[in-house]
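Engineer: Take a look at the following structure, please.
The values are calculated or read from the model by the stated rules, or taken from the named source; none is laboratory data. What you see is a predicted model, and the numbers here were worked out from it, not measured in a lab. Heads up, the Cβs are rebuilt from the backbone with ideal geometry, glycines too, and the neighbour counts pull from every protein chain shown.
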Amino acid sequence: MFYGYYNTQWYYMLGYILVGIGVLIMVLAQAKVSSAYSKYSKIPNRRQMTGRDVAFEILQQNGLSYIQINEVSGHLSDHYNPSQKTLNLSRDVYHGRSIAALAVAAHECGHALQHQEGYMPLVVRNAIVPVCNISQNIGWIAVLAGLMLGKSSIAWFGVILMSAMLLFQLMTLPVEFDASSRALSILNDHYLMDDEYGGAKSMLTAAALTYVAGVLSTLLSLLRIVLIVASNDRD
């Protein structure tokens, strides 16, 4: 009996360690992207174009003139909204003339280009969003119910449902990497000098790492749930 209790405590402790590692990974990734943005937001591009200017030109040149470019509040709150056909840029990016501003604006245009051509990973990711949200909520309920009722089969079913969020994040990786690749190609061809391109690449690479960190953090959190359910199985 004491041995079982000891093992249960060990499972829980390991679970908390995994979550702590996940949080640390996310903090480090966010710190890296903040550092990169802070650095390159202070370096103006030689063409003195704003993020809004670059976004406007990219959209115009690719037959996306119907997409409205909006200024939104928040720091790095930039995003493309496919349902409303809007490209939303934070104030610093919208008005900014820095290398970072151009990199972020071009990246969001990359998502608009993906949507225009029906880029498959984006289509799949958008399609599974409702399923993932529902699965995550039901998954938590199933895990808690299974643990409270001592029904491991219900708890394991909940773990499977919760894995849908990890699937969503995995599908997000190619979407974000591709948007950055498109952005860098466009910036290199039309907007940035050779010595400016490296800054844009560093900025977007740092941003991409946050999505990788998100996947790792979710995976570690899921492993914690697995350990909790497994420990109850052993009991």
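Engineer: List every residue pair whose Cβ atoms sit under 9 Å apart, with the two residues 6 or more apart in sequence or on different chains, where the first one lies in the range 149-171 and is within 16 Å of L222 (Cα to Cα) and the second, anywhere, is charged (D, E, K, R) and surrounded by 16 or more Cβ atoms within 10 Å (Cβ to Cβ).
Structural biologist: F168/R125
Engineer: A follow-up question, please. Which residue pairs have Cβ atoms closer than 7 Å, lie 6 or more positions apart in sequence or on different chains, and pair a first residue in the range 42-66 that is touching a residue at least 60 places away in the same chain (Cβ under 8 Å) with a second residue that is not in a helix (DSSP H, G or I)?
Structural biologist: Between residues of the range 42-66 that are touching a residue at least 60 places away in the same chain (Cβ under 8 Å) and residues that are not in a helix (DSSP H, G or I), the close pairs are I43/S98; N45/R97; N45/S98; N45/L192; R46/M193; M49/R97.
Engineer: Would you point out which residue out of V104, V72, V129 is hydrophobic (A, V, I, L, M, F, W, C) and more than 17 Å from V175 (Cα to Cα)?
Structural biologist: After ruling out the rest, the residue left standing is V72.
Engineer: Would you point out which residue out of G118, G146 is farther than 22 Å from G214 by Cβ, out of contact with any Leu (no Cβ under 9 Å at 6 or more places or on another chain) and surrounded by 14 or more Cβ atoms within 10 Å (Cβ to Cβ)?
Structural biologist: G146
Engineer: Within the range 1-95, which strands (runs of 3 or more DSSP E) (wholly inside it) include 2 or more residues that are modelled with pLDDT of 90 or more and buried (at least 19 other Cβ atoms within 10 Å of the Cβ)?
Structural biologist: 86-90
Engineer: Next question. Let me confirm something: among A103, A155, which residue is in contact with a Leu (Cβ under 7 Å, 6 or more places away or on another chain), surrounded by 15 or more Cβ atoms within 10 Å (Cβ to Cβ), within 28 Å of S38 (Cα to Cα) and not acidic (D, E)?
Structural biologist: The match here is A103.
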